[in-house]
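The values are calculated or read from the model by the stated rules, or taken from the named source; none is laboratory data. This one's a predicted model, so the numbers in the text were calculated from it and none came from an experiment. Backbone-built Cβ (ideal geometry, glycine too); neighbour counts: all protein chains shown. Heavy atoms of the whole protein, side chains included, go into the accessibility calculation; ligands, DNA and RNA do not. Shrake-Rupley method; radii C 1.70, N 1.55, O 1.52, S 1.80 Å.
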Amino acid sequence: MAILVLARQQASQSNSPSKVQTSTPSLRSYVAMDAHLRFCWAACDVPGFKRLLPSLWREMKFFNNIYELVGLPVVTVQLRYNGWVTELQDLERSRQLRQALGLDNLLYTPDADFPCFADLALTSPEDYYREGQGSLLQCVLTPGDPYMPLPNDEIIRRVAKEVLALFPSSQGLEVIWSSVVKIGQSLHREGPGKDPFRPDQKTPVKNLFLAGSYTKQDYIDSMEGATLSGRKTSAYICNAGEELVALRKQLAAFESQEQMEAPTTDDELSVV
Ligand SMILES: Cc1cc2nc3c(=O)[nH]c(=O)nc-3n(C[C@H](O)[C@H](O)[C@H](O)COP(=O)(O)OP(=O)(O)OC[C@H]3O[C@@H](n4cnc5c(N)ncnc54)[C@H](O)[C@@H]3O)c2cc1C
């Protein structure tokens, strides 16, 4: 997904010590920080949001907690075969290439280093079925740590071996094409004691909202989790309307009272 930002000034400008001076920011400091982010909804992954965070915001437990979360290495391996690996009913037909056969679903296993996989030639034939070719297995190695330093050939060898252990009937089928994609930091690493560090979508900065599957929601880090987080975020934003208007008025009062430096750039909408 993307990040949608409606900002008056860069969040990083709130790093200015004149705006955030104490470890327990006063109401005025909060208002000043809020003013810098006129309205922001950040739908990043964990490493991406850490890059956006002004370092001084780590003084707030809410934001500092996010540094307890780390992105997990994930390795995606695709293997194209000269037959149908997941066809379990008819061995002979699993060797023909006129018709796609096998398990047309997302598959899960506890018995391989890739807990989640699918034959894309069956599940997404429009994009991945090729005439004269067989299964295109996509195997997602999570956690991918042990595989990160390995050369691609070795990764492919190990994954093909695990595929054969899961589907002994595919003995004799050959891998005719393969691909390996390594992502150093991807999904947040779930682990004992980590859940309390996942942030709520509503932050202590009143007009900054978070979304993304790493934020607190009922599902694991998944597309469903990302969707649920987005729904929670939009509910918070809808509910915050009056509060945001009040915040603006409060700021205007501060500005006129103490002639705080006014933001210079116009509101702008950017979709990254
Ligand atoms: C290989 C793989 C296979 C998967 N398979 C499944 C599956 O089968 N089913 C399932 O449910 N889930 C699956 N997942 C998990 C699922 O993809 C994620 O949980 C989901 O995409 C998270 O959505 P998100 O919107 O929170 O984050 P993302 O989809 O990661 O989107 C975050 C976006 O923010 C951008 N970004 C980050 N930092 C910044 C920044 N500082 N500025 C601007 N933009 C930034 C990133 O480029 C990215 O586009 C898989 C994940 C991987 C890696």
I'd like to verify a number: residues in the stretch 119-130 that are open to solvent by less than 60 Å² (accessible area, probe 1.4 Å) and either at positive phi or in contact with a strand residue (DSSP E or B) (Cβ under 7 Å, 6 or more places away or on another chain) (or both), how many?
3
Checking the conditions here, which among S229, S186 is open to solvent by 20 Å² or more (accessible area, probe 1.4 Å) and either within 15 Å of the ligand (Cβ to nearest atom) or modelled with pLDDT of 95 or more (or both)?
S186
Residue check, Q133 in contact (Cβ under 8 Å) with a residue 60 or more places away in the chain, under 30 Å from D90 (Cβ atoms) and either crowded, with 19+ Cβ neighbours inside 10 Å or of a type outside the set (F, W, Y) (or both)
no
Qualifying positions in the stretch 167-183 - open to solvent by 40 Å² or more (accessible area, probe 1.4 Å) and within 14 Å of the ligand (Cβ to nearest atom)
V181, K182, I183
Given (1) loosely packed, with under 13 Cβ neighbours inside 10 Å; (2) farther than 16 Å from L141 by Cα; (3) more than 16 Å from the ligand (Cβ to nearest atom), where does K161 come up short, assuming only one miss?
(2)
Out of the helices (runs of 4 or more DSSP H) lying entirely within the stretch 1-118, which hold 1 or more residues that are open to solvent by less than 20 Å² (accessible area, probe 1.4 Å), more than 16 Å from the ligand (Cβ to nearest atom) and at pLDDT below 55?
27-36
Select from the stretch 136-157 the residues that are in contact (Cβ under 8 Å) with a residue 24 or more places away in the chain and surrounded by fewer than 17 Cβ atoms within 10 Å (Cβ to Cβ) and list them in ascending order.
D145, P146, M148, N152
Of all residues making up the stretch 122-134, the number that are assigned to a helix (DSSP H, G or I) and within 16 Å of the ligand (Cβ to nearest atom)
4
Give K202, K206, K216 a once-over and let me know the one that is open to solvent by 50 Å² or more (accessible area, probe 1.4 Å), touching a residue at least 60 places away in the same chain (Cβ under 8 Å) and of a type in the set (D, E, K, R).
K206
Inside the stretch 196-223, can you point out the residues that are under 20 Å from Q185 (Cα atoms) and either of a type outside the set (S, T, Y) or away from the ligand (no atom under 14 Å from the Cβ) (or both)?
F197, R198, P199, L210, A211, G212, K216, I220, D221, M223
